[in-house]
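What follows is one structure encoded as structure tokens, with my remarks underneath.
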Amino acid sequence: MTTTDLLNVRSLSFAYERRRIVDLWSERFDAGLVWLRGPNGVGKSTRLKLLAGALAPQYGSATLNGKVDLLTDPLAWRREVAWVSAEPPPFEHLSPAELFGFLAGLYPRADRARWELHIEGFGLAPFLRQPLRQLSTGTQHKAALAAALALGTTVLLLDEPLNALDEASLVHWRACMAQAAASPDRLMLVVSHEELGVTPTRELILKP
Ligand SMILES: Nc1ncnc2c1ncn2[C@@H]1O[C@H](COP(=O)(O)OP(=O)(O)OP(=O)(O)O)[C@@H](O)[C@H]1O
């Protein structure tokens, strides 16, 4: 019997100007929660950006479920992959509710009921109608996480998701990661310098 990897990264390469940061990166991922680790500057965020389609690789590609290719099917790829960067979320003029409404129009399996559960879990109800730029760093981050978690994508890429989360939000976030670790058909790929607080399906440690 042959099995197909959920995510197959093949020789992905990227250089900022002339400095090669990601060099022929090949990796196979199954479903679950993967903790991507490594020292500062090793290229963790750059890898997430490449997989998110936010940076274009200079060589190599990646395939989802043996079907959707990063380079040749970029629109289908984007519908299957959500990314929350370590930066404040884009569209700072939108409120958390508007952010989800906007993203829900782009992702075919976005689920409002699931989003509402994360709004409750992260204690975001009082902030739903305020522009993101008026919210605290942690609240903006939670709004981005709540939206991303509800998009129903096959892959969720998260860069330092534990940053700026208060204790109550960490409890909810850890429950989300534990659920991701048990998923049979979705991948949550997390870059974090902090301990996750749950057991990942796999740890992937990058070396300089
Ligand atoms: N826009 C850019 N232009 C030029 N170089 C960049 C740019 N963004 C990142 N780099 C460089 O690429 C390298 C990898 O950066 P990246 O952010 O991917 O590392 P990281 O492993 O996520 O680091 P950290 O743990 O500090 O977040 C670093 O040397 C960084 O200086």
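Computed from the coordinates by the stated procedures, all read-outs in this text should not be read as laboratory data. The shown structure was predicted, so the numbers you read here are calculated from the model rather than taken from an experiment. Note that each Cβ is placed from the backbone with ideal geometry, even for glycine, and that neighbours are counted across all protein chains shown.
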Name the residue farthest towards the positive end of the dipole of the range 7-205 from the options 178, 199, 105, assuming +1 on Cβ of Lys and Arg, -1 on Cβ of Asp and Glu, about the Cα centre. 105
Using the number of other C-beta atoms within 10 angstrom as an exposure proxy, rank 26, 192, 13 with the fewest first. 26, 13, 192
Contour minus end-to-end for residue 71 and residue 134, with contour as 0.36 nm per residue of separation and end-to-end as the Cα-Cα distance? 19.0 nm
Using 0.36 nm per residue, how much length does the chain from residue 164 to residue 178 gain when fully extended, once their Cα-Cα distance is taken away? 3.1 nm
Extension gain (nm, one decimal) between residue 59 and residue 207, 0.36 nm per residue minus Cα-Cα: 51.2 nm
So what's the angle, to the nearest 10 degrees on a 0 to 90 scale, between helix 112-121 and the longest Cα principal axis of the chain? 70
Return 16, 59 ranked ascending by Cβ neighbour count within 10 Å, so the fewest neighbours appear first. 16, 59
Only sites in a loop by DSSP and with at most 14 other Cβ atoms within 10 Å count here; which trypsin sites (Lys or Arg not before Pro) in the range 1-99 make the cut? 18, 67
Computed about the Cα centre, the charge dipole of the chain from +1 Lys/Arg and -1 Asp/Glu charges at the Cβ has a magnitude in debye, to the nearest 20, of 440
Could you order the peptides 90-99, 148-157 from most to least packed, using the average number of other C-beta atoms within 10 Å per residue? 148-157, 90-99
Over 10 Å intervals from 0, what percent of Cα-Cα pairs in the range 1-144 sits in each interval? 10, 33, 32, 22, 3, 0
Residue 13-residue 114 FRET efficiency (beta carbon distance; Förster radius 45 Å; 0.05 resolution): 0.80
Would you work out the relative contact order for the chain, in percent, from Cα pairs under 8 angstrom that are 6 or more residues apart? 30
Lysine pairs in the chain with alpha-carbon atoms under 22 Å apart, 8 or more places apart or on different chains: how many are there? 5
